[in-house]
Amino acid sequence: MTTAQFATDEQEIHQSAFALLQTIPGYTTYADTPMYKVLPAELPRLSIYIQRDHANVDGDFASDPHFVVVLTLVVSSIVELSDDNDNLAWLEQKSGEIKTLLMTNVPFQLLFEGVREYDRKLKFTQVGETMFGEHEIEMSIEYRKRWPPNVQDDLDLIHVESAYPPGSDPSQVQQIVREYDFVTQTQQRNHRHGTPNRGSHARKRHHTQTNQAPGKRRVFRE
């Protein structure tokens, strides 16, 4: 069974879809932005871009910001139309290829939780005496996104020493010095498991000393 690897950024979904669309043959131009001006030299043109995203809180508000996000991608396929060609039928065929590719490609589908809906429409544009046809597919994709805290001050080491009870003889009281080294223990664990993330467990350094005069501090390190 394949494990989902959800995207952390909408741009990853967008660019992955764009890379897929470039494998569909028959177009002169492939783009990841809308076509702001119809340029016949660029046609047929296939493009995909982000139209919008909408987020609702996922569960409660008690922790770091986390949302269910609905991302809307628009796929635009534009071709020049005339009475002398069958480009409208070609446009229909390509629209079916686009949907099939985006709906069935496993690596792309694993970037998010699912496709909520899609809407396809046929549009016509006339520039001078030239008519253009466009198939536009709006696809709504759902995934979850979380913003964990950006912690700048890491806790690397805790040093603990026991204190002498008042009125006690230092020569008769065992002194305990203990260190919790988060960095070393994390590096050792990551080396064993091959993971780069910092951990939260510490390695304890336990030292015992006697006959230390009150008020003096000695730190033992390995």
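Here are the numbers for this structure:
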{"item": "Selection within the stretch 44-62 - assigned to a strand (DSSP E or B), touching a helix residue (DSSP H, G or I) at 6+ places or on another chain (Cβ under 9 Å) and not charged (D, E, K, R)", "result": "46, 47, 48, 49, 50"}
{"item": "Among (1) farther than 15 Å from residue 133 by Cβ; (2) in contact with a strand residue (DSSP E or B) (Cβ under 6 Å, 6 or more places away or on another chain) - the single one residue 110 does not satisfy", "result": "(2)"}
{"item": "Condition check for residue 72: assigned to a strand (DSSP E or B), assigned by TED's automatic domain parsing to the domain that holds residue 135 and within 19 Å of residue 49 (Cα to Cα)", "result": "yes"}
{"item": "Hits in the stretch 69-85 - residues which are of a type in the set (S, T, N, Q) and modelled with pLDDT of 95 or more", "result": "72, 76, 77"}
{"item": "Selection within the stretch 41-62 - surrounded by 11 or more Cβ atoms within 10 Å (Cβ to Cβ) and more than 21 Å from the chain's Cα centre (by Cα)", "result": "42, 43, 44, 45, 46, 47"}
{"item": "Top-ranked residue of the stretch 155-171 - restricted to ones that are of a type in the set (Asp, Glu) and part of a loop (DSSP other than H, G, I, E, B), ranked as surrounded by the most Cβ atoms within 10 Å (Cβ to Cβ)", "result": "156"}
{"item": "Some residue of the stretch 112-121 being of a type outside the set (Ser, Thr, Tyr), farther than 30 Å from residue 80 by Cα and without any contact (Cβ under 8 Å) to a residue 12 or more places away in the chain", "result": "no"}
{"item": "Answer residue from the stretch 44-62, given it is hydrophobic (A, V, I, L, M, F, W, C) and touching an Asp or Glu at 6+ places or on another chain (Cβ under 8 Å) and is farthest from residue 145 (Cα to Cα) among those", "result": "48"}
{"item": "The lone exception for residue 30 - which of (1) farther than 30 Å from residue 131 by Cα; (2) in a strand (DSSP E or B) it fails", "result": "(1)"}
{"item": "Unique match (being closer than 14 Å to residue 137 by Cα and surrounded by fewer than 14 Cβ atoms within 10 Å (Cβ to Cβ)) among 25, 34", "result": "34"}
{"item": "Close pairs (9 angstrom Cβ cut-off, 6 or more residues apart or separate chains): aromatic (Phe, Trp, Tyr) in the stretch 25-44, in a loop (DSSP other than H, G, I, E, B) anywhere", "result": "27/43; 27/44; 30/22; 30/24"}
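The values are calculated or read from the model by the stated rules, or taken from the named source; none is laboratory data. All figures in this text were calculated on a predicted structure; none of them were measured in a lab. Please note: Cβ atoms are built from the backbone with ideal geometry, for glycine as well, and neighbour counts cover all protein chains shown.
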